[in-house]
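The values are calculated or read from the model by the stated rules, or taken from the named source; none is laboratory data. Here the structure is a predicted model, which is why all the values come from computation and not from measurement. Virtual Cβ from ideal backbone geometry, glycine too; neighbours counted across all protein chains shown.
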């Protein structure tokens, strides 16, 4: 397989729980090295944007998520490897800062 190989395993269900029809499917994904590297880069880009959003708000105070998105993503000092990552991953990381209390 080109990008992802998967192994499937059904988890056993205790006899006393069979009456409620619970089943689970455990899937293990074994990506190729280049795909795994890409996922790690995307995760790092998301983490970088989240940390930049937190740092900006600690320094300048709370602003709306749309303004914060502009500040973080339109920053000229943003590394190229972050610019190459998918946009929605970076935006979602910036949105998450709403749930964090700023000191």
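Conditions tested, residue by residue: (1) within 18 Å of the chain's Cα centre (by Cα); (2) surrounded by 13 or more Cβ atoms within 10 Å (Cβ to Cβ); (3) within 18 Å of residue 95 (Cβ to Cβ); (4) modelled with pLDDT under 85.
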| position | (1), (2), (3), (4) |
| --- | --- |
| 4 | no, no, no, yes |
| 21 | no, no, no, yes |
| 32 | no, yes, no, no |
| 40 | yes, no, no, no |
| 45 | yes, yes, yes, no |
| 66 | no, no, yes, no |
| 69 | yes, yes, yes, no |
> Where residues in segment 54-64 are surrounded by 13 or more Cβ atoms within 10 Å (Cβ to Cβ) and assigned to a helix (DSSP H, G or I), which of them is nearest to the chain's Cα centre (by Cα)?
Replying inline: 54
> Could you count how many residues in segment 71-90 are surrounded by 13 or more Cβ atoms within 10 Å (Cβ to Cβ) and in contact (Cβ under 8 Å) with a residue 40 or more places away in the chain?
Replying inline: 3
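Test residue 51 against the criterion of being exposed (fewer than 11 other Cβ atoms within 10 Å of the Cβ), out of contact with any helix residue (DSSP H, G or I) (no Cβ under 7 Å at 6 or more places or on another chain) and either modelled with pLDDT under 90 or not in a strand (DSSP E or B) (or both), and give yes or no.
no
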